[in-house]
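Following: one structure in structure tokens, then a few remarks.
The values are calculated or read from the model by the stated rules, or taken from the named source; none is laboratory data. Model, not experiment: these values are computed from the prediction. With ideal geometry, Cβ positions are generated from the backbone for all residues, glycine too; neighbour counts draw on all protein chains shown.
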Amino acid sequence: MTFSERIKNFFSRASGLSDEFFDDLTDLLVEGDFGASGAYKTADILRECCKKEKITSPEAARHRLASLLEDELRRGSLETAAGDIAPDGKQTVILLLGVNGVGKTTSAAKLAMLYRDTYKRRPILAAADTFRAAAVDQLKIHGERLGIRVVAHQQGGDPAAVVYDAVEAAQAGGGDIVIADTAGRMHTKSALVQELRKIDRVVESKAGEAAYIKYLVLDATTGRNALAQAEIFHEAVNIQGVILTKYDSTAKGGVVFSLAADLRLPVLYLCTGEKYGDIHRFDPAIFAREFAGDEPLA
């Protein structure tokens, strides 16, 4: 049973909107990776809305919960028309950040295909995870399959230099959007933050007038750990948005609301499978309704 099905069953089996009902809802939201404070706040707001709007049926309360969750996500979303990509013709540099194992390399390939096929951009992939030979090789394979250029250096090289060269190649006319894969594992947190800030400085300097965007890639199945990761990366380099990977039946999804409420970080894309096309623009309304058990995510 998915978590959204558990939410739906909880409301359908409820006999009324008692104090015990809202206490149980709080516990359920905590299980759904909301976090204690977020769960209490959400349940309390729903309680007050139901009183004020004279909502008495659990089913009506469930629909009201969906609208409250949608409002929370929209408050944490970017206030730009396109959401993330620069206008046609403007150079764009996207840095993908995140710990190892969350799917950064595959997400880079998915984004590249999406931007090329949907937005008619000319992407270049930068293999800046120079600490893992497998990551560089994997990105090269993706590039070959998709027919997209990959800029790479030798293993152990300077990640910032790889991104620098990719941006230079784009500025020379080879493309109009650079998507850079980066390393996610260092011996210590301070080492990771130091490396991130170095890459950030180099890319920002080289990007010039190009749009420079930093995405954090998070694994949806890691729950509250994803929020802890977001706090570290956001503090280090000021993330603009999140790509949530591995969002399938095992992911609960509550962390999405914590990202919006606690860090004002919008989820921009959901990755739902292994194929290149399994990446979707994040829709707050659809996600909130699905979480509340209204309908599946298309």
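The residue that is farthest from residue 94 (Cα to Cα), counting only those in region 154-191 that are of a type in the set (Val, Ile, Thr) and surrounded by 17 or more Cβ atoms within 10 Å (Cβ to Cβ), is 162.
Criterion first (over 19 Å from residue 98 (Cβ atoms) and acidic (Asp, Glu)) does residue 176 satisfy it? Quick ask: steps written out before the conclusion?
Numbers: over 19 Å from residue 98 (Cβ atoms): yes; acidic (Asp, Glu): yes.
Considered against the rule, which asks whether it is over 19 Å from residue 98 (Cβ atoms) and acidic (Asp, Glu), residue 176 comes out as yes.
Residues of region 1-33 that are more than 30 Å from the chain's Cα centre (by Cα), in a helix (DSSP H, G or I), surrounded by fewer than 17 Cβ atoms within 10 Å (Cβ to Cβ) and not charged (D, E, K, R): 12 alone. Checked against the criterion of being surrounded by fewer than 19 Cβ atoms within 10 Å (Cβ to Cβ) and of a type in the set (S, T, N, Q), region 120-137 has no qualifying residue. Residues that are more than 9 Å from residue 156 (Cα to Cα) and either hydroxyl-bearing (Ser, Thr, Tyr) or touching a helix residue (DSSP H, G or I) at 6+ places or on another chain (Cβ under 6 Å) (or both) within region 130-141 comprise 135, 138, 139, listed in sequence order.
Evaluate region 199-214: report whether one residue or more is closer than 18 Å to residue 100 by Cβ, surrounded by fewer than 20 Cβ atoms within 10 Å (Cβ to Cβ) and not charged (D, E, K, R). Spell out how you get there, then give the answer.
Just the residues of region 199-214 that are closer than 18 Å to residue 100 by Cβ, to begin with: 199, 214.
Cutting the leftovers down to surrounded by fewer than 20 Cβ atoms within 10 Å (Cβ to Cβ) gives us none.
Scanning region 199-214 turns up no residue that is closer than 18 Å to residue 100 by Cβ, surrounded by fewer than 20 Cβ atoms within 10 Å (Cβ to Cβ) and not charged (D, E, K, R).
Within region 260-277, can one find any residue that is of a type in the set (D, E, K, R), closer than 26 Å to residue 60 by Cβ and not assigned by TED's automatic domain parsing to the domain that holds residue 37? There is no residue in region 260-277 that is of a type in the set (D, E, K, R), closer than 26 Å to residue 60 by Cβ and not assigned by TED's automatic domain parsing to the domain that holds residue 37. In the set (1) among the aliphatic types (A, V, I, L, M); (2) in contact with an Asp or Glu (Cβ under 7 Å, 6 or more places away or on another chain); (3) crowded, with 23+ Cβ neighbours inside 10 Å, residue 217 fails one condition alone, (2).
Tell me whether region 243-250 contains one or more residues that are hydrophobic (A, V, I, L, M, F, W, C), within 14 Å of the chain's Cα centre (by Cα) and in the same structural domain as residue 287 (by TED's automatic domain parsing).
The answer is yes, given that some residue of region 243-250 is hydrophobic (A, V, I, L, M, F, W, C), within 14 Å of the chain's Cα centre (by Cα) and in the same structural domain as residue 287 (by TED's automatic domain parsing).
Return the residue satisfying two criteria in turn: it lies in region 262-283 and is of a type in the set (A, V, I, L, M) and in contact with a helix residue (DSSP H, G or I) (Cβ under 6 Å, 6 or more places away or on another chain), and of such residues it is surrounded by the fewest Cβ atoms within 10 Å (Cβ to Cβ). Result: 263. Tallying residues that are surrounded by 17 or more Cβ atoms within 10 Å (Cβ to Cβ) and among the small types (Gly, Ala, Ser) within region 34-57 yields 4.
Here's the yes/no breakdown for (1) of a type in the set (A, V, I, L, M, F, W, C); (2) modelled with pLDDT under 90:
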| residue | (1), (2) |
| --- | --- |
| 251 | yes, yes |
| 255 | yes, no |
| 272 | no, no |
| 283 | no, no |
| 289 | no, no |
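Where helices (runs of 4 or more DSSP H) fall entirely within region 100-173, those with at least 2 residues that are of a type in the set (A, V, I, L, M) and under 21 Å from residue 204 (Cα atoms) are at 104-117, 159-169. Among the residues of region 145-153, are any over 24 Å from the mean Cα position of the chain (by Cα), at pLDDT 95 or above and crowded, with 23+ Cβ neighbours inside 10 Å? Yes: one or more hits. Somewhere in region 177-190, is a residue more than 18 Å from residue 151 (Cβ to Cβ), outside any helix (DSSP H, G or I) and touching a residue at least 40 places away in the same chain (Cβ under 8 Å)? Yes - at least one qualifying residue is present in region 177-190.
Here is a check on your reading of the model: is residue 209 part of a loop (DSSP other than H, G, I, E, B) and either of a type outside the set (A, V, I, L, M) or in the same structural domain as residue 165 (by TED's automatic domain parsing) (or both)? Steps first, answer last, please.
Working: part of a loop (DSSP other than H, G, I, E, B): yes; either of a type outside the set (A, V, I, L, M) or in the same structural domain as residue 165 (by TED's automatic domain parsing) (or both): yes.
The answer is yes for residue 209.
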